[in-house]
Amino acid sequence: MKPLIVANWKCNPITQSEAKELFDSISKGIKDIENAETVICPPFIYLSLLKGLTLGAQDCYFEEKGAYTGEVSAAMLKDLGCQYIIVGHSERRKLFGEKNNDVNKKVLAVLDAGLIPILCVGETEQEREQEKTEEVLKAELEIGLIDVHDVSKVIVAYEPIWAIGTGNPCDIEEAQRMKGIIQKMVSKNIRILYGGSVNSENAEGYLKQAEFNGLLVGGASLKAKEFIKIVNRSLS
Ligand code: PEP
């Protein structure tokens with residue numbers, strides 16, 4: 001299966017013209033690449049402007065429609081052309097108080113809408129120091145996947161929180177060990193991505209040595225040249 005390279009733009013950029021420019025530069029740079037699948041996850045408001053690459057969203061609400069001011073549902077995102085939705089990103093968990101049960105409702109809503117959830121899991125530095133990493137991942141996966149009948153329809157992203165946006169990526173050997181642990185906790189058929197300070201220098205190691213099925217890229221996906229390099233280095 002082709003590696004899946006997912007760009008999480010987070011709350012960037014500020015203007016529509018910058019979003020279009022970044023998207024167009026990435027599109028141009030990867031248009032001839034067939035051996036990797038690339039997904040761009042911009043802020044909701046840019047989704048309808050961007051055409052030509054596979055799109056994903058960074059979050060969704062778990063109800064389909066109704067009196068939920070400010071929320072956006074998986075069905076709406078599907079209608080806008082999204083194929084993937086990131087759920088349970090550590091920033092949502094930390095800054096917006098999302099718990100494993102909320103994340104589970106979102107995973108189910110995304111599947112119900114016929115889209116692919118990218119379920120983010122990962123431990124904080126403190127949890128790692130206290131040797132609670134496996135316990136944390138187990139809870140995130142077990143609760144996150146409650147009532148999911150076919151887990152092969154879900155993608156898991158292992159994102160150690162201490163590695164996100166810090167420039168301190170997880171050691172390749174350690175990432176490989178964590179991939180094995182996660183794979184044992186879930187079905188053999190599930191695809192597992194690595195995320196956390198991925199750049200064009202380390203991308204290949206996570207895919208080829210640590211055998212992840214793809215990458216979730218934050219900061220580096222906002223620089224077209226760097227992101228294109230990452231996609232190029234991901235080819236098998
Ligand atoms: C992320 O936000 O999912 C992420 C991995 O960010 P970064 O690549 O900047 O560490």
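The values are calculated or read from the model by the stated rules, or taken from the named source; none is laboratory data. It should be emphasised that the depicted structure is a prediction, and the values quoted were computed from it without experimental measurement. All Cβ positions, even for glycine, are placed from backbone atoms using ideal geometry, and neighbour counts span all protein chains on display. Ligands, DNA and RNA are stripped out before the accessible areas are found, and what is left, the full protein with its side chains, is counted by its heavy atoms. Shrake-Rupley method; radii C 1.70, N 1.55, O 1.52, S 1.80 Å.
A few remarks follow.
- From 234, 187, residue being open to solvent by 30 Å² or more (accessible area, probe 1.4 Å), at pLDDT below 95 and of a type in the set (S, T, N, Q): 187
- Index of the failed condition, residue 28 passing every other in (1) assigned to a loop (DSSP other than H, G, I, E, B); (2) surrounded by fewer than 19 Cβ atoms within 10 Å (Cβ to Cβ): (1)
- Single residue of segment 109-136 satisfying the filter (more than 19 Å from residue 165 (Cβ to Cβ) and in a loop (DSSP other than H, G, I, E, B)) that is most open to solvent (accessible area, probe 1.4 Å): 131
- Filtered residue count, segment 189-223, keeping only those that are in contact (Cβ under 8 Å) with a residue 24 or more places away in the chain, assigned to a helix (DSSP H, G or I) and within 11 Å of the ligand (Cβ to nearest atom): 4
- Complete set of residues in segment 150-184 that are basic (Lys, Arg) and in contact with a strand residue (DSSP E or B) (Cβ under 7 Å, 6 or more places away or on another chain): 153, 179
- Qualifying residue in segment 33-41 (condition: among the acidic types (Asp, Glu), under 19 Å from the mean Cα position of the chain (by Cα) and either surrounded by fewer than 20 Cβ atoms within 10 Å (Cβ to Cβ) or within 21 Å of residue 85 (Cβ to Cβ) (or both)): yes
- Within segment 45-66, being assigned to a loop (DSSP other than H, G, I, E, B) and either of a type in the set (A, V, I, L, M) or open to solvent by 60 Å² or more (accessible area, probe 1.4 Å) (or both) holds for 50, 51, 52, 53, 63, 64, 65, 66.
- Extreme residue, farthest from the ligand (Cβ to nearest atom), among residues of segment 124-182 that are among the acidic types (Asp, Glu) and on the phi > 0 side of the Ramachandran plot: 147
- Some residue of segment 74-96 being over 15 Å from residue 146 (Cα atoms), within 16 Å of the ligand (Cβ to nearest atom), among the acidic types (Asp, Glu) and touching a helix residue (DSSP H, G or I) at 6+ places or on another chain (Cβ under 8 Å): no
- Cβ-Cβ under 6 Å pairs, at least 6 apart or on other chains, segment 84-98 side charged (D, E, K, R), far side assigned to a helix (DSSP H, G or I) and within 12 Å of the ligand (Cβ to nearest atom): 98/92
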